[in-house]
Amino acid sequence: MKAKYIPNILSVIRIIMAFAFAAVFIWLPDKLYIAVIIFVAGGVTDVVDGILARRFGWITDAGKILDPLADKLMQITALICLFVSRL
């Protein structure tokens, strides 16, 4: 594996985290702190992904698609979960 793909891997992990957030939010309503931890961890991976991509020039065509996709998926997932639960 080449190091330049680390930001892409982090973006894929963030996409998976969006689904994990929704699953925890929906099926474990008494454990919302876990969903919050998943959401914050997604934000941290977004920051790390951006730093690595810019600092080392690890920008790929796949990353140009994956990063915004992961960002919007996490935001929309959280918005829908909050709207449905009416928190």
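Looking only at segment 39-74, filter to residues that are among the charged types (D, E, K, R) and free of Cβ contacts under 8 Å to residues at least 40 places away in the same chain; which one of those is least open to solvent (accessible area, probe 1.4 Å)? Quick ask: steps written out before the conclusion?
First pass over segment 39-74, keeping only residues among the charged types (D, E, K, R): 46, 49, 54-55, 61, 64, 67, 71-72.
Keeping just the survivors that are free of Cβ contacts under 8 Å to residues at least 40 places away in the same chain gives 46, 54-55, 61, 64, 72.
Working: 46: 49, 54: 185, 55: 177, 61: 117, 64: 126, 72: 111 Å².
Selected residue: 46.
For segment 31-87, what are the residues that are among the aromatic types (Phe, Trp, Tyr) and in a helix (DSSP H, G or I)?
33, 39, 56, 83
The values are calculated or read from the model by the stated rules, or taken from the named source; none is laboratory data. Note that the structure is a prediction, hence the values are computed from the model and not measured. Counting neighbours? That spans all protein chains shown, and the Cβs are built from the backbone with ideal geometry, glycine included. To get the accessible areas, we keep the full protein, side chains included, count just its heavy atoms, and leave off ligands, DNA and RNA. Shrake-Rupley method; radii C 1.70, N 1.55, O 1.52, S 1.80 Å.
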